[in-house]
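Shown next, in structure tokens, is the structure this report addresses.
The values are calculated or read from the model by the stated rules, or taken from the named source; none is laboratory data. In this text, all values refer to a predicted model and were calculated from it rather than measured experimentally. Backbone-built Cβ (ideal geometry, glycine too); neighbour counts: all protein chains shown. These area figures cover heavy atoms from the full protein model, side chains too; ligands, DNA and RNA do not enter into them. Shrake-Rupley method; radii C 1.70, N 1.55, O 1.52, S 1.80 Å.
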Amino acid sequence: MIGCWVVFFIILFLGLMLGSPSKLISFYDTDGNICGYDAPVADYPYIYFPSFDENKLFTSICVSECPRSGDTEAYCHPTKKIPSCKDGDKIKGTTLKFSVYPTVLIQDRVCFPTDEMGDNSD
């Protein structure tokens with residue numbers, strides 16, 4: 001039993017020293033790039049979900065900054081599925097359109113919708 005614990009701590013130590021544990025809690029774009037880590041998206045550390053339906057988690061994109069109120073385009077790295085980050089552009093392979101909405105940065109990783117995007121039925 002003690003041998004198992006020793007092996008466990010050796011593997012844990014090597015993983016922490018030689019690996020990148022922060023990648024375990026990182027987000028991926030639709031091309032499988034890790035936002036802020038992989039070469040094509042190294043300058044795009046935040047994740048943004050540009051659609052609101054049951055497929056929204058499968059249409060993610062890496063952005064360099066979270067969209068704010070009044071923005072009509074997200075500062076993103078285009079992917080095969082999301083070739084353009086302008087409001088209203090089509091997301092390939094779906095009936096969805098790219099939506100730019102005001103967000104705030106949560107946990108230094110996720111662009112989260114703000115309450116500014118509520119309905120405009122005044």
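Summary table below
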quantity	calculated
Subset of the stretch 57-82 [open to solvent by 40 Å² or more (accessible area, probe 1.4 Å) and polar (S, T, N, Q)]	Ser64, Ser69, Thr72
Residue in the stretch 83-96 that is farthest from Cys62 (Cα to Cα), counting only those that are surrounded by fewer than 16 Cβ atoms within 10 Å (Cβ to Cβ) and within 17 Å of the chain's Cα centre (by Cα)	Lys86
Options Ser51, Ser22, Ser26: the member that is among the polar types (S, T, N, Q) and over 27 Å from Leu96 (Cα atoms)	Ser22
Test: Tyr48 is at negative phi, surrounded by 15 or more Cβ atoms within 10 Å (Cβ to Cβ), without any contact (Cβ under 8 Å) to a residue 40 or more places away in the chain and not basic (Lys, Arg)	no
Counted residues, the stretch 18-36 - those being under 15 Å from Val110 (Cα atoms) and either open to solvent by 70 Å² or more (accessible area, probe 1.4 Å) or charged (D, E, K, R) (or both)	6
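Yes/no matrix, rows are residues, columns are (1) part of a helix (DSSP H, G or I); (2) not basic (Lys, Arg):
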{"site": "Thr30", "(1), (2)": "no, yes"}
{"site": "Pro40", "(1), (2)": "yes, yes"}
{"site": "Tyr44", "(1), (2)": "no, yes"}
{"site": "Ser69", "(1), (2)": "no, yes"}
{"site": "Pro78", "(1), (2)": "no, yes"}
{"site": "Lys81", "(1), (2)": "no, no"}
{"site": "Thr94", "(1), (2)": "no, yes"}
{"site": "Val100", "(1), (2)": "no, yes"}
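So that you can scan it fast, the table gives a plain yes or no per residue for (1) of a type in the set (A, V, I, L, M, F, W, C); (2) at pLDDT 90 or above:
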{"site": "Ala42", "(1), (2)": "yes, yes"}
{"site": "Asp53", "(1), (2)": "no, no"}
{"site": "Tyr75", "(1), (2)": "no, yes"}
{"site": "Asp87", "(1), (2)": "no, yes"}
